[in-house]
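Asker: Got a structure for you, written out below as structure tokens; questions coming shortly.
The values are calculated or read from the model by the stated rules, or taken from the named source; none is laboratory data. Source: prediction; values computed, not measured. Don't worry about glycine lacking a Cβ; one is built from the backbone with ideal geometry, like all the others, and counts go over all protein chains shown. Note: accessible area is taken over every heavy atom of the protein model, side chains too, but ligands, DNA and RNA are not part of it. Shrake-Rupley method; radii C 1.70, N 1.55, O 1.52, S 1.80 Å.
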Amino acid sequence: MSSEPIRFDTKIAVLLREDLEPWQRLNVTAFLVSGLGTHLPEVVGEPYEDADGVPYLPMFRQPVMIFEGTKETLTAAHARVLSRALPRAVFTSDLFATGNDRDNRAAVRAVGTGELDLVGLAVYGPKNAVDKVVKGARMHP
């Protein structure tokens, strides 16, 4: 087994709107990254197992970088992720008022792309492309 550090040429990033409550930040992040993990099998590593042989589910194979920014920062990042056609997930403010997956999808479908009230965005892709998408955002404290 190699002792060399594992380096990634890709990045997973989540951008959250800075005015979210702490519980909302956690909820939005969990929902956003679940979309990446289900659609992009290459981001998921191997299953885990402890010393007693108890198995655990696999997780992302690389860190998830969490950023925050203003509503305007999210809007600009959304435009950049669309122009680069990178894999993405969105969470809009409307989703806080729904209670199930069907209503969530209907809430997003009811609003035009330019009018989405984004509170979160997840993106995956080459490091430099993801860095350009989240330009203007700062690391989450």
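Asker: How about the stretch 1-113: which helices (runs of 4 or more DSSP H) wholly inside it have at least 3 residues that are closer than 17 Å to HIS140 by Cβ?
Answerer: Hits in the stretch 1-113: 22-39, 71-83.
Asker: Okay, moving on. Would you check which residues across the stretch 64-103 are at pLDDT 95 or above and charged (D, E, K, R) and list them?
Answerer: If the condition is that a residue be at pLDDT 95 or above and charged (D, E, K, R), then GLU68, LYS71, GLU72, ARG80, ARG84, ARG88, ASP94, ARG102, ASP103 are the ones that fit.
Asker: Okay, next question. Which one is farthest from ALA122 (Cα to Cα) among residues in the stretch 22-51 that are open to solvent by less than 100 Å² (accessible area, probe 1.4 Å) and of a type in the set (Asp, Glu)?
Answerer: Among those residues, the one meeting the criterion is ASP50.
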